[in-house]
Amino acid sequence: MGRYTGPKCRLCRREGVKLYLKGEKCQSVKCILEKRKTAPGQHGTVRARFSEYRLRLREKQKARRIYGVSETQFRNYFELASKRKGVTGETLLQLLERRLDNVVYRLGFATSRAQARQLVAHGHILVNGEKLDIPSYLVNPGDRITLKDKILSSVLGETIRERINEIKVPSWLELNPDRVEGVVRSLPSRQEIDIPVNEQLIVEFYSR
C-alpha cells in the first residue's frame, strides 16, 4: 500500500491528538481539533470500547503517522531497534528522530515533516557539504545540515531565515541562524523527544 494521500486532519481526529501534519495550521485556531474532537466517520461520536490490542495499535499508528513512514518502514525500524542494546522503545524513537527529514523539520527549515521530506527528496539539503536526497538517511553526531545556495537566495530562503530566528531546537541539535546551518550534537535521548507516544505500547504490539 502506498503513502496516505487523504486529508491529514482526519488522521489527527482519529488519534485524538495533534500530529502536526499541516505545519503552521496546527498551531492556529484553524486546527480541526479546536472544533471537532470526535473521531472521523458517522460513528465518530459513539464511545467505543478500548481493548488492550486497540490501545497498542493506536499508539503504533500515532507514531507512524507523526513521522510519516509506511507500515513496512516502521516495522523495519522496530526490528532494527530490537537488535540493538538498550531499551527497544527508546531506541525505536531515537532511530525515527535521526531521519534526515525529521532533522530538517526540527531545525525549522520546514513547517512539517512532509515539507521537509520534499526538500530532501528534491535535493535541496546538504549533509556535510554533499547533496543528500534520501529522507530516511540516519544522521550521526557531527553531521552538518545546510540548504543549497539556490534555496537560500530564493523567497523560500528568506522565509526560512525568518522562521528559524523564532524557533527553539531540541538540545541534541545546534542551530546557527546566521548561516542557516544545523549541527547534530549527539544522539537524542528519550527526554529530548517531545512526541505524545507511549513507546512501550508499541513494543508490546509487535511482541504479542
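Read the figures in this text as sums done on the coordinates, not as results from a lab. Since this is a predicted model, take the numbers as computed values, not measurements. Glycine also receives a Cβ, built like all others from the backbone with ideal geometry; neighbour counts cover every protein chain displayed.
Using a 10 Å cut-off around each Cβ, can you sort Val184, Val139 from fewest to most neighbouring Cβ atoms?
The fewest-first ordering by Cβ neighbours comes to Val184, Val139.
When Lys and Arg each count +1 and Asp and Glu each count -1, what net charge do the other residues less than 13 Å away from Phe78, Cβ to Cβ, add up to?
Once positives and negatives cancel, what remains is +1.
Please order Val104, Val69 by the number of other Cβ within 10 Å, starting at the fewest.
Lowest to highest Cβ neighbour count: Val69, Val104.
Only loop residues by DSSP count here, and only those with at most 13 other Cβ atoms within 10 Å; note down the GluC sites (Glu not before Pro) in the stretch 85-166 that meet that.
When the GluC sites (Glu not before Pro) of the stretch 85-166 are filtered for loop state and at most 13 Cβ neighbours within 10 Å, Glu166 remain.
Using the count of nearby Cβ atoms within 10 Å as a rough guide to exposure, how do Leu96, Leu138 rank from fewest to most?
Least crowded to most crowded, the residues run Leu138, Leu96.
Which net charge results when you count Lys and Arg as +1 and Asp and Glu as -1 among the other residues whose beta-carbon is under 11 Å from that of Val87?
Summing Lys/Arg as +1 and Asp/Glu as -1 gives +1.
Just name one of Gly182, Tyr137, Ser171: the one whose Cα is farthest towards the positive end of the charge dipole of the stretch 99-184 (beta-carbon charges, Lys/Arg +1, Asp/Glu -1).
Tyr137
As an exercise, identify the trypsin sites (Lys or Arg not before Pro) in the stretch 70-171 lying in DSSP coil whose Cβ has no more than 11 other Cβ atoms within 10 Å.
Of the trypsin sites (Lys or Arg not before Pro), the ones in loops of the stretch 70-171 whose Cβ has at most 11 other Cβ atoms within 10 Å are Lys83, Lys85, Lys168.
State which entries of Lys83/Lys148; Lys148/Lys168; Lys60/Lys85; Lys60/Lys83; Lys62/Lys85; Lys62/Lys150 exceed 30 angstrom in Cα-Cα distance in the structure shown.
From the list (Lys83/Lys148; Lys148/Lys168; Lys60/Lys85; Lys60/Lys83; Lys62/Lys85; Lys62/Lys150), the Cα-Cα distance tops 30 Å for Lys83/Lys148; Lys62/Lys150.
May I ask you to compute the full-extension gain from Asp194 to Asn128, defined as 0.36 nm times their residue separation minus their alpha-carbon distance, rounded to one decimal in nm?
Additional length available on full extension: 21.1 nm.
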